[in-house]
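Okay, structure first, notes after.
The values are calculated or read from the model by the stated rules, or taken from the named source; none is laboratory data. What you see is a predicted model, and the numbers here were worked out from it, not measured in a lab. So basically every Cβ, Gly included, is an ideal-geometry build from the backbone, and we count neighbours across all protein chains shown. Only protein heavy atoms, including side chains, enter the accessible area calculation; ligands, DNA and RNA are left aside. Shrake-Rupley method; radii C 1.70, N 1.55, O 1.52, S 1.80 Å.
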Amino acid sequence: MRLDKLLGLVGFGSRNQVKKLLHSRQVRIDGEIVTAIDQIVDTDLQDIRVAGRPVGGYGSKYFLLHKPAGVVTAVTDKEHQTVVDMLALENRVEGIYPIGRLDRDTEGLVLLTNNGPLGFRLLHPQYHIEKTYYVEVNGPLDDDALTFFLAGVEFLDGTKCKPAQLEILSSGREKSCAHIRIAEGKFHQVKKMFLAYGVKVTYLKRIRFGEFDLGDLPLGHYRNLDEEELQYLKKYFTKK
């Protein structure tokens with residue numbers, strides 16, 4: 001949550017009163033003086049003190065889930081199972097939601113949290129967080145595909161994608177496999193990029209989101225972030 005909201009919840013007064021605390025340099029996070037009212041915080045991951053008094057009890061949940069095809073990346077849906085539905089009841093805490101989205105027919109890595117502002121920060125263009133996908137297509141991927149994607153694919157409507165890194169794993173007349181790494185998330189972007197090249201995506205799975213790796217997590221399962229991954233998250237708590 002935001003620092004001003006946290007300090008209000010634990011009894012340090014209105015937003016204006018919290019601003020005064022910050023301006024008077026009475027708030028420290030991990031030993032450093034903080035003056036930004038909109039900093040993202042987590043009392044489980046950070047030592048937060050106001051005038052030397054520790055603030056605790058407002059940690060957040062963070063999960064990494066291997067989404068199956070057919071499940072929608074949403075909190076609720078009237079027709080389909082959602083990624084939140086896949087969590088055990090005790091983990092469906094208030095405010096839990098998926099960061100970003102995957103198409104319903106796409107498998108792979110989804111992060112979920114109840115730290116509301118964090119998701120917005122992770123998806124903000126200023127961070128250029130790369131996503132890596134494993135993709136299968138219904139035709140050959142020749143060597144020219146590498147430069148085609150690296151040049152930035154342009155769609156028929158004039159939309160231009162940023163350069164993408166393509167690694168061809170195998171190429172065949174009827175099926176090819178590759179890894180593609182992109183730093184943006186336009187609607188159906190990966191599928192449209194391959195269509196622009198002249199092949200159709202038949203299978204798509206996100207295997208990496210920034211520093212977070214799907215690894216060998218079984219399809220349909222989820223886990224808590226480990227300590228190293230939680231430390232990765234902390235760098236997104238403050239703006240660049």
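Are any residues in segment 104-146 under 14 Å from residue 180 (Cβ atoms) and of a type outside the set (A, V, I, L, M, F, W, C), and if so, which ones? Residues satisfying the conditions are 106, 108, 130, 131, 132, 133, 134, 136.
Answer yes or no as to whether residue 167 is open to solvent by 50 Å² or more (accessible area, probe 1.4 Å), free of Cβ contacts under 8 Å to residues at least 40 places away in the same chain and touching a His at 6+ places or on another chain (Cβ under 6 Å).
Taking the combined requirement at face value, the residue satisfies it.
The conditions of being open to solvent by 20 Å² or more (accessible area, probe 1.4 Å), within 20 Å of the chain's Cα centre (by Cα) and among the basic types (Lys, Arg) are not met by residue 175.
Screening residue 136 against (1) open to solvent by less than 40 Å² (accessible area, probe 1.4 Å); (2) charged (D, E, K, R); (3) not in a strand (DSSP E or B) leaves a single unmet condition, (3).
Screening the candidates 140, 117 for the property of being over 30 Å from residue 230 (Cα atoms) and touching a residue at least 12 places away in the same chain (Cβ under 8 Å) yields one hit, 140.
Does residue 57 fit the bill of being open to solvent by less than 60 Å² (accessible area, probe 1.4 Å), out of contact with any strand residue (DSSP E or B) (no Cβ under 8 Å at 6 or more places or on another chain) and not hydrophobic (A, V, I, L, M, F, W, C)? Here the answer is no, as residue 57 does not meet what is asked. The residue that is most open to solvent (accessible area, probe 1.4 Å), counting only those in segment 64-98 that are under 24 Å from residue 232 (Cα atoms) and among the basic types (Lys, Arg), is 92. Here the condition is being surrounded by 18 or more Cβ atoms within 10 Å (Cβ to Cβ), of a type in the set (D, E, K, R) and at negative phi; of 131, 186, it holds for 131 alone. Among the conditions (1) of a type outside the set (A, V, I, L, M); (2) touching a residue at least 24 places away in the same chain (Cβ under 8 Å); (3) outside any loop (DSSP other than H, G, I, E, B), residue 38 misses just one, which is (3).
Residue pairs whose Cβ atoms lie under 6 Å apart, separated by 6 or more positions or on different chains, with the first residue in segment 183-210 and over 23 Å from residue 225 (Cα atoms) and the second in a loop (DSSP other than H, G, I, E, B) and open to solvent by less than 50 Å² (accessible area, probe 1.4 Å), are 192/155; 193/153; 196/153; 199/139; 204/106.
Could you check how many residues of segment 100-128 are crowded, with 20+ Cβ neighbours inside 10 Å, assigned to a loop (DSSP other than H, G, I, E, B) and modelled with pLDDT under 95? Selection size over segment 100-128: 2.
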